[in-house]
Amino acid sequence: MNDGKKKVIAIMRPAGYLVESVRLAKSLGFKTVTAPMIDVVDKKDSNFDGFVNRVMEGESDYVIFTSANGVEFTLLKLIEPDDFIEQLNRTRVIAVGPKTRDKLVANGIRVSLVPESYSSTGLVESLNDVPGAVIDIARSTHGAPELVDGLRKKGAIVFETQVYEIIMPHDERHTELMEKSVAGEIDIFAFTSSMMVRNFMSIADNMGVKDKVIRLMNQKTVAAIGKPTADTLSGFGVSVKVIPGRYTFEDLLIECKKHC
């Protein structure tokens, strides 16, 4: 670090990711403050059975998973996951990034493609020969519309099922994070989703410190994992200084270290 002091980074990922996230941050020389701004819970919508049936009947040409959570919550809902996986391996399975790919492979699922850019836009750009193709997408309740819209514009027949929900947890660490933010004790704010940003701002607003926190954030380093998250921050008047070239948390941390 430039000034010889360890920079303090706020990590706001779901509780299940915190141990690994803190380990990564500390390995790069950061001090950490953790306060989960989002959590993930199971969800089964009215489109899920149709998704399963299309895979089982061989009607899906492509199946897209946009997160490791999407893989996990899909398989959890199945009575006979082995049969589903067998049929899934007869389609072209696409993973948004390396973590999603690793989760699929760990469950015996072959991955046909990982886009160069780990994002909805990257997925759309990587699929060209899709007019008339049936594409199923398993994702969260807060998936970016660019994926479905972009594929439909390319002529694909797109089905979407929401297999998990992103919620705001009730956590006493929220108060601690806001107090440290107001005191200027956080050097880097690392945001990995638009909902994380909105929940952070909602908590700041409820505590009556939103304007002050935004003002202080603009004197610090704010990092966003991709353009949608950066755009959400900009909408709140926050200047984003770090966006990694690859949209993974590890790459976000590496870019933060370079910036500091």
> How much FRET efficiency would the formula 1/(1 + (r/R0)^6) give for ASN53 and LYS227, where r is the Cβ-Cβ distance and R0 is 35 Å, rounded to 0.05?
Replying inline: 0.50
>> I need the calculated FRET efficiency for the pair ARG110 and GLU80, taking r as the beta carbon distance and R₀ as 22 Å, to the nearest 0.05.
In response: 0.70
> Are there GluC sites (Glu not before Pro) in the stretch 30-93 that DSSP puts in a loop and that have at most 15 other Cβ atoms within 10 Å, and which ones?
Replying inline: GLU57, GLU59
> Hey, what's the Cα Rg ratio for the stretch 41-166 versus the globular rule of thumb, 2.2 N^0.38 Å?
Replying inline: 0.94
>> Run the helix sum for the chain: -39,500 (n - 2.57) per DSSP H stretch of 4+ residues, divided by residue count, reported at 222 nm to the nearest 500 deg cm²/dmol.
In response: -13000 deg cm²/dmol
>> Using DSSP to call loops (not H, G, I, E or B), can you name the GluC sites (Glu not before Pro) in the stretch 105-182 whose Cβ has at most 11 other Cβ atoms within 10 angstrom?
In response: GLU116, GLU172
> Taking Cα centroids, how far is the stretch 140-218 from the stretch 26-87 in Å?
Replying inline: 20
>> Between GLU185 and ASP251, what's the calculated FRET efficiency when r is the beta-carbon distance and R0 is 30 Å? Round to 0.05.
In response: 0.75
> Taking each full run of DSSP H in the chain as one helix, which ones are at least 30 Å long along their axis (Cα atoms) and have mean Kyte-Doolittle hydropathy of at least -0.5?
Replying inline: none
>> How large is log10 of I(q)/I(0) for the chain at q = 0.07 Å⁻¹ when the intensity is taken from the Debye formula with one equal scatterer per alpha-carbon?
In response: -0.27
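Just so you know, all these numbers are worked out from the coordinates, no wet-lab data involved. Bear in mind the structure is a predicted one, so any value in this text is a computation, not a measurement. Neighbour counts run over all protein chains shown; Cβ positions are idealised from the backbone, glycine included.
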